[in-house]
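The values are calculated or read from the model by the stated rules, or taken from the named source; none is laboratory data. The structure displayed is predicted, hence computed values, not measured ones. Neighbour counts run over all protein chains shown; Cβ positions are idealised from the backbone, glycine included.
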Amino acid sequence: MEREQLADFLRRRREAIRPAEVGLADSPRRRTSGLRREEVAMLAGMSVDYVVRLEQGRSSQPSTQLLGALARALRLSDDERDHLFHLAGHRPPPADGVARLARAGLMRMLDLLGDTPAVVLSDLGEMLAQNRAALLLMGDFTRFSGDRRYLVYRWFTDPAARAAHPPEEQEHQARQQVADLRAVAGRRAGDPVVAGLVDRLLAASADFRRLWAEHEVAVRRANRKTLLHPRVGRLVMDCETLFTPDQGQQLLVLSPADDETRERLELLRVLGLEEFPAGTTGGGARR
């Protein structure tokens with residue numbers, strides 16, 4: 001761990017970001033160039049004291065989870081993220097597989113969407129980042145670990161994942177999940193991450209085995225779905241997806257499909273996160 005180099009890198013990246021780039025209000029009266037330390041701490045979900053100690057070269061070695069949170073908060077590029085991991089004495093996350101972080105360009109687009117729910121997903125349905133509107137809509141889906149970080153795995157192994165959708169839509173959503181996974185498996189043929197996920201799903205779910213055997217393939221770029229929210233009720237959402245050139249990550253934007261849904265989303269923004277149990281809506285993240 002190169003403490004002094006790490007401290008200097010973090011300070012310079014913090015000072016280089018304008019508040020508006022991360023969805024924070026800017027003001028001509030700000031005395032700090034770039035972000036304040038407390039703003040970085042808020043965006044990364046860590047204490048201000050730890051951010052201070054990192055920038056002063058006095059911290060213990062940060063975990064890979066903390067480094068990932070800092071990379072997202074500071075909107076680091078892939079190269080900058082890898083450099084951050086090297087300075088902290090860790091191997092950078094691989095370009096593919098379970099440890100990937102949301103790309104900086106998609107994170108900036110996420111910030112610009114403001115009150116429109118939007119998320120960044122891997123091609124396997126791992127939730128890499130969510131804006132506040134998406135947190136209100138579906139809860140924190142970045143908290144899952146192991147196979148549960150894949151929505152398709154939760155969908156076929158956890159009944160709560162389907163409970164966010166009305167019964168009449170669940171078969172359609174299940175077919176879409178499997179067809180999308182088929183497309184990823186074809187594109188990433190020979191990838192042990194994908195093959196292992198498919199094998200574990202085949203072993204865990206008869207419903208998955210039934211649909212997988214039908215060999216339907218489809219990359220979902222647009223969709224309409226109904227979510228059953230525990231606080232504001234039925235929400236009909238239009239879903240549009242923007243893919244990175246390699247299709248490894250995607251920005252999913254959810255917009256209200258009718259006036260009633262628009263009004264209920266506005267109510268949800270007013271209610272905020274107070275008393276909203278994280279992840280209550282179960283399976284609403286994926287298209």
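Is there any pair linking a residue in segment 136-152 that is assigned by TED's automatic domain parsing to the domain that holds LEU267 and of a type outside the set (D, E, K, R) to one that is at pLDDT 85 or above and assigned to a helix (DSSP H, G or I), with Cβ under 6 Å and at least six apart or on different chains, and which?
LEU136/LEU268; VAL152/GLN177; VAL152/LEU181
Against the definition (polar (S, T, N, Q) and either touching a Pro at 6+ places or on another chain (Cβ under 8 Å) or at pLDDT 90 or above (or both)), how does SER145 come out, yes or no?
Taking the combined requirement at face value, the residue does not satisfy it.
For segment 154-179, enumerate the residues that are free of Cβ contacts under 8 Å to residues at least 24 places away in the same chain and exposed (fewer than 15 other Cβ atoms within 10 Å of the Cβ).
Correct list: PRO159, PRO167, GLU168, GLU171, HIS172.
Here's the yes/no breakdown for (1) touching a strand residue (DSSP E or B) at 6+ places or on another chain (Cβ under 7 Å); (2) loosely packed, with under 15 Cβ neighbours inside 10 Å; (3) at pLDDT below 90; (4) part of a helix (DSSP H, G or I):
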residue: PRO28; (1), (2), (3), (4): no, yes, yes, no
residue: VAL40; (1), (2), (3), (4): no, no, yes, yes
residue: ASP82; (1), (2), (3), (4): no, no, yes, yes
residue: PRO93; (1), (2), (3), (4): no, no, yes, no
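Take ARG37 and tell me if it is among the charged types (D, E, K, R), under 21 Å from ALA102 (Cβ atoms) and without any contact (Cβ under 8 Å) to a residue 60 or more places away in the chain.
When the stated conditions are applied, ARG37 does not pass them.
Which of (1) within 30 Å of PRO245 (Cβ to Cβ); (2) of a type in the set (Val, Ile, Thr); (3) at pLDDT below 80 does THR32 not meet, given it meets every other one?
Here THR32 clears every test but (1).
Looking at (1) within 21 Å of the chain's Cα centre (by Cα); (2) at pLDDT 90 or above, which one does ALA213 not meet, given that it meets all the others?
ALA213 satisfies all of (1) within 21 Å of the chain's Cα centre (by Cα); (2) at pLDDT 90 or above except (1).
Can we say LEU136 is modelled with pLDDT of 90 or more and of a type outside the set (Phe, Trp, Tyr)?
In short, no.
In this structure, is ARG231 in contact with a Leu (Cβ under 9 Å, 6 or more places away or on another chain), charged (D, E, K, R), in contact (Cβ under 8 Å) with a residue 24 or more places away in the chain and assigned to a loop (DSSP other than H, G, I, E, B)?
yes
Table: residues versus (1) outside the structural domain of ASP115 (by TED's automatic domain parsing); (2) in contact (Cβ under 8 Å) with a residue 60 or more places away in the chain; (3) within 22 Å of the chain's Cα centre (by Cα); (4) within 15 Å of ALA71 (Cβ to Cβ).
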| position | (1), (2), (3), (4) |
| --- | --- |
| ARG12 | yes, no, no, yes |
| ILE17 | yes, no, yes, yes |
| ARG31 | yes, no, no, no |
| VAL48 | yes, no, no, no |
| GLY57 | yes, no, no, no |
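Table: residues versus (1) closer than 27 Å to ASP115 by Cβ; (2) small (Gly, Ala, Ser); (3) outside any helix (DSSP H, G or I).
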site: ARG12; (1), (2), (3): no, no, no
site: THR32; (1), (2), (3): yes, no, yes
site: LEU35; (1), (2), (3): yes, no, yes
site: ASP49; (1), (2), (3): no, no, no
site: SER59; (1), (2), (3): no, yes, yes
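Of the residues that sit in segment 180-205 and are at pLDDT 90 or above and among the acidic types (Asp, Glu), which one is surrounded by the fewest Cβ atoms within 10 Å (Cβ to Cβ)?
The extreme case among them is ASP199.
Given the criteria part of a strand (DSSP E or B), among the charged types (D, E, K, R) and either more than 23 Å from ARG262 (Cα to Cα) or modelled with pLDDT of 90 or more (or both), does GLU169 qualify?
Taking the combined requirement at face value, the residue does not satisfy it.
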